[in-house]
Amino acid sequence: MSAAQQQAPQSSLETIVREYRGTREYERDVRSRRREGWRVVSVLQRPGAPTTLRRLAVTSGLAKPNTEYLVTFSRVPQPYHRPRPLEWLTHPHLPRLPRARPARYVWLVIALLLLALLAYGLLDFFADALRG
């Protein structure tokens, strides 16, 4: 690692660029990203490419032209949080139920039951072979 890389400021920003095909999609995503700590840096608007039907509706005054957005977001880098499967089950708002018995005893009983069934099957199989 060079000296310039070591001297890089810790407060460098994460930046992403998103493209939106409609106003509702843009507004909804901006609200959710603000909750995650993102800040809008720039917004570029351009008219969307209309289809033939849309072009007729716009010229007749029945519809507004589509607007496409190119938005740049930035935020202070966040530590990476790797989501785990079913992590929402451990959320603090869910009630915690006390365990009645440790789970290893349940698995031990199941293993003993399966072992007994295996032994019974083997004895029954070989008993028929010895009698016949």
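The values are calculated or read from the model by the stated rules, or taken from the named source; none is laboratory data. A quick note: this is a predicted structure, and the numbers were derived from the prediction, not measured. A quick note on method: Cβ atoms are made from the backbone with ideal geometry, for glycine too, and the neighbour counts reach across all protein chains shown.
Considering only residues that are within 29 Å of Arg75 (Cβ to Cβ) and assigned to a strand (DSSP E or B), which ones fall in the range 36-57?
Of the residues in the range 36-57, the ones within 29 Å of Arg75 (Cβ to Cβ) are 36-46, 48.
Matches in the range 36-57: Arg39, Val40, Val41, Ser42, Val43, Leu44, Gln45, Arg46.
May I ask you to say which residue of Thr90, Thr72, Thr51, Thr67 is at pLDDT below 90 and surrounded by 12 or more Cβ atoms within 10 Å (Cβ to Cβ)?
Values: Thr90 fails: surrounded by 12 or more Cβ atoms within 10 Å (Cβ to Cβ); Thr72 fails: at pLDDT below 90; Thr51 fails: surrounded by 12 or more Cβ atoms within 10 Å (Cβ to Cβ).
Answer to the selection: Thr67.
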